[in-house]
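S.K.: Dropping a structure here in structure tokens format, bear with me for questions.
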Amino acid sequence: MTLQVRDLRVVFQTKSGAIHAVDGVDLDVGAGEVVGLVGESGSGKSVTLRAIARLLHANATVSGGVSWRGADLLAMDEAAMRPIRGGQIGIVFQEPMAALNPVLPIGLQIDESLVAHTDLDRAARRRRALELLDQVGIAAGATRLGQYPHEFSGGMRQRAMIAIALAANPALLLADEPTTALDVTIQDQILRLLLRLKDELGMALLLVTHDLGVVAQTCEKVVVMYAGRVCEWGPTADVFARPNHAYTQALLRAMPGTGAMPGTGATAETLIPIPGMAPRLDAPSPGCAFTPRCTVSEPLCATARPPLVVEHARAFACHGRGRL
Amino acid sequence: MSVLLDVSGLERRFAGARGMGDMIARRPRPVVHALSGVSLQVQDGETLGIVGESGCGKSTLARCMVRLIEPDAGRIVFDGQDVLALDGPARRGFNRAVQMVFQDPYASLNPRKTVHATLAEALRVHRIVPEAGIAARVLELLDLVQLPASAAGRHPHEFSGGQRQRIGIARALSVQPRLIIADEPVSALDVSVQAQIVNLFMDLQRRLGLTLVFITHDLRLVRHMAHRVAVMYLGRVVETGPVAEIFAAPRHPYTQALLRAVPQMTPRELRGEPAVSGELPSPLAPPPGCAFHPRCPVAEARCARELPALERRGGGWPVACLRAGG
């Protein structure tokens, strides 16, 4: 196993009290695997990703274990972390415009990564930068290296950010909603690019998204999160066909276009919405966080947190699985 | 079915931003071609989905249809009346009959007003009910959008995103419109809450006989709730017709690409060539001929010269492609 997260917890101290954004997350990413981390707003999926890369602000208290190739990332000092973050582990964010430096040419930003993580000399770095742009599908690389982020379109910026993340040949790419801000035809291009690069470079991919369709198209494994906790994980096809957690089932039923008869316009079956709204994170439920919105809950669900039961290639944390 | 709203040849250009360099060189202000001749019809009682990617002009079109933006050219006919010529009481009547629901209900609700005050204002301005009946009508509206009566005394910030969108819908309904134009009304919402609002729209349509124009970038939603669809690309409608037929057999290469690019729920691994290469051209300088030709896999030489009109071309619904039907 390449990345192993155990009982990860992140608590933010805010003026209005402690926010338990991640509340005991377990997940694994194997070498060369594509794993989708899916959930709605406030589920803790992005915070989990940032905690793995140790990118959270000082008001976050992180506990638990993040083991990367046998070393505990959370216990490392910043100097030991530096060659790993951006080196062995690359990161791609949702908003390339916010993640790229607006006053530096793209070439210089790729170069920064190469200086930090490789021993290449200046000429070799330039060759490598051109090669990277070509790899991510940016044409006219020599011109593009000298351009600034604002001269790139949204899709091209995301490609540039992927090039920077790939500069040091990472073994794992963490991608936080990399296509959410993009149009659907550009999303299609970027997702295919990520999968092709994964194959060519043999890296693993942890993809955070709110879109179950994106997961279905790209991820062999899926981890479903709700209120800072893992509901279930397993092979995507199995989880979507036979969810083991009441929340996963409810989420799939709320999606348009999942019914047996898609393509029937307004005559299609009604969606089954999930009643209520996302839970507050300042006072975690002693039981299952989904209980107030769950249609198959029983008294036990409100008081006892269901353990994450691992069965064959799947895991789930739901008292009500037998009733689904 | 009769045509409730008939839009033809709608054009709208905006002056773009001019940089310092352009000013010094005395270059003219760039012009964004937001709408370049949009024609479509909305049938009474149906849901028309308008889809397209960013910059295709769908939001400008929505705003033109309710006259928040005046078009530069073209005609809008609502229920037999020339909308662009309306003024005085007739204009107010139109404003009542056609209402808009926005993407961000928080930005479109007055944060200092209670829900009651917001809804009562519309009722008063349009004299929908006598003063004594306002409180009862507000409660009726809240019930219609499935909010509790207690919501009336609260302010927008006390509600979640989904509840705020319900308030936005209640406000639109307060003046008893015939047509609601909803611009990305569920894009900011999570899937679980999005389903609540989608069901509400469909339920309201059934109960009140509303006509709905639903503008979205999400094809899955269109397939779910619209009867007919208009696909836009760079300021023009490229294909329009019944949802079931177009989703089953799209005729325009752009519609085909768009449908291929939508993530399916059936697990598979994306491999090979993308649905369409390249990016949306700049609306500052739309390509000549068919605007899609630089990205089109089946484009011919004439596609770069001739502008294809939106016509049936031997099929069951209009499509703006020179290669369709031939």
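The values are calculated or read from the model by the stated rules, or taken from the named source; none is laboratory data. All figures in this text were calculated on a predicted structure; none of them were measured in a lab. Glycine also receives a Cβ, built like all others from the backbone with ideal geometry; neighbour counts cover every protein chain displayed. These area figures cover heavy atoms from the full protein model, side chains too; ligands, DNA and RNA do not enter into them. Shrake-Rupley method; radii C 1.70, N 1.55, O 1.52, S 1.80 Å.
S.K.: Residue by residue through region B:177-196, note down the ones that are under 24 Å from B:THR60 (Cα atoms) and outside any strand (DSSP E or B).
M.R.: B:PRO177, B:ARG178, B:GLU184, B:PRO185, B:VAL186, B:SER187, B:ALA188, B:LEU189, B:GLN194 - these are the residues of region B:177-196 that are under 24 Å from B:THR60 (Cα atoms) and outside any strand (DSSP E or B).
S.K.: For region A:189-200, indicate whether the set of residues that are in contact with a strand residue (DSSP E or B) (Cβ under 9 Å, 6 or more places away or on another chain), surrounded by fewer than 23 Cβ atoms within 10 Å (Cβ to Cβ) and either among the small types (Gly, Ala, Ser) or away from chain B (no Cβ under 12 Å) (or both) is non-empty.
M.R.: Looking for residues that are in contact with a strand residue (DSSP E or B) (Cβ under 9 Å, 6 or more places away or on another chain), surrounded by fewer than 23 Cβ atoms within 10 Å (Cβ to Cβ) and either among the small types (Gly, Ala, Ser) or away from chain B (no Cβ under 12 Å) (or both), one finds at least one in region A:189-200, hence yes.
S.K.: Here's another thing I want to ask about it. Here are A:VAL115, A:VAL29, A:VAL25: which of them is over 22 Å from A:ILE190 (Cβ atoms) and in the same structural domain as A:CYS231 (by TED's automatic domain parsing)?
M.R.: None of the others qualify; the one that does is A:VAL25.
S.K.: Do any strands (runs of 3 or more DSSP E) entirely within region A:19-116 hold 1 or more residues that are within 25 Å of A:LEU251 (Cα to Cα), and if so, which?
M.R.: Strands (runs of 3 or more DSSP E) meeting the threshold: A:34-38.
S.K.: If you go through region B:162-180 one residue at a time, do you hit one that is over 25 Å from the mean Cα position of the chain (by Cα), small (Gly, Ala, Ser), within 20 Å of B:MET100 (Cβ to Cβ) and surrounded by 17 or more Cβ atoms within 10 Å (Cβ to Cβ)?
M.R.: Checked region B:162-180: no residue is over 25 Å from the mean Cα position of the chain (by Cα), small (Gly, Ala, Ser), within 20 Å of B:MET100 (Cβ to Cβ) and surrounded by 17 or more Cβ atoms within 10 Å (Cβ to Cβ).
S.K.: Taking into account only those residues within region B:66-111 that are part of a strand (DSSP E or B) and among the β-branched types (Val, Ile, Thr), which is most open to solvent (accessible area, probe 1.4 Å)?
M.R.: B:VAL77
S.K.: Quick check on region B:140-161: of everything there that is in a helix (DSSP H, G or I) and open to solvent by less than 10 Å² (accessible area, probe 1.4 Å), which residue is farthest from B:PHE102 (Cα to Cα)?
M.R.: That would be B:ALA151.
S.K.: While we're here: Any residue in region B:272-291 that is among the polar types (S, T, N, Q), open to solvent by less than 60 Å² (accessible area, probe 1.4 Å) and at pLDDT 95 or above?
M.R.: Checked region B:272-291: no residue is among the polar types (S, T, N, Q), open to solvent by less than 60 Å² (accessible area, probe 1.4 Å) and at pLDDT 95 or above.
S.K.: Let me ask something additional. Could you say which residue among B:GLY314, B:GLY272 is without any contact (Cβ under 8 Å) to a residue 12 or more places away in the chain, assigned to a loop (DSSP other than H, G, I, E, B) and at positive phi?
M.R.: Among B:GLY314, B:GLY272, only B:GLY272 is without any contact (Cβ under 8 Å) to a residue 12 or more places away in the chain, assigned to a loop (DSSP other than H, G, I, E, B) and at positive phi.
S.K.: Further, regarding this structure: Might you check whether a residue that is in contact with a helix residue (DSSP H, G or I) (Cβ under 8 Å, 6 or more places away or on another chain), under 29 Å from B:GLY55 (Cα atoms) and crowded, with 22+ Cβ neighbours inside 10 Å occurs anywhere in region A:218-225?
M.R.: Yes, region A:218-225 contains a residue that is in contact with a helix residue (DSSP H, G or I) (Cβ under 8 Å, 6 or more places away or on another chain), under 29 Å from B:GLY55 (Cα atoms) and crowded, with 22+ Cβ neighbours inside 10 Å.
S.K.: If we scan region B:257-267, do we find a residue that is in contact with a Gly (Cβ under 7 Å, 6 or more places away or on another chain), polar (S, T, N, Q), assigned to a loop (DSSP other than H, G, I, E, B) and open to solvent by 50 Å² or more (accessible area, probe 1.4 Å)?
M.R.: yes
S.K.: Can you tell which of A:LEU120, A:LEU145, A:LEU130 is surrounded by 19 or more Cβ atoms within 10 Å (Cβ to Cβ) and either more than 23 Å from A:ILE84 (Cβ to Cβ) or not assigned by TED's automatic domain parsing to the domain that holds A:LEU194 (or both)?
M.R.: One residue alone meets the criteria, A:LEU145.
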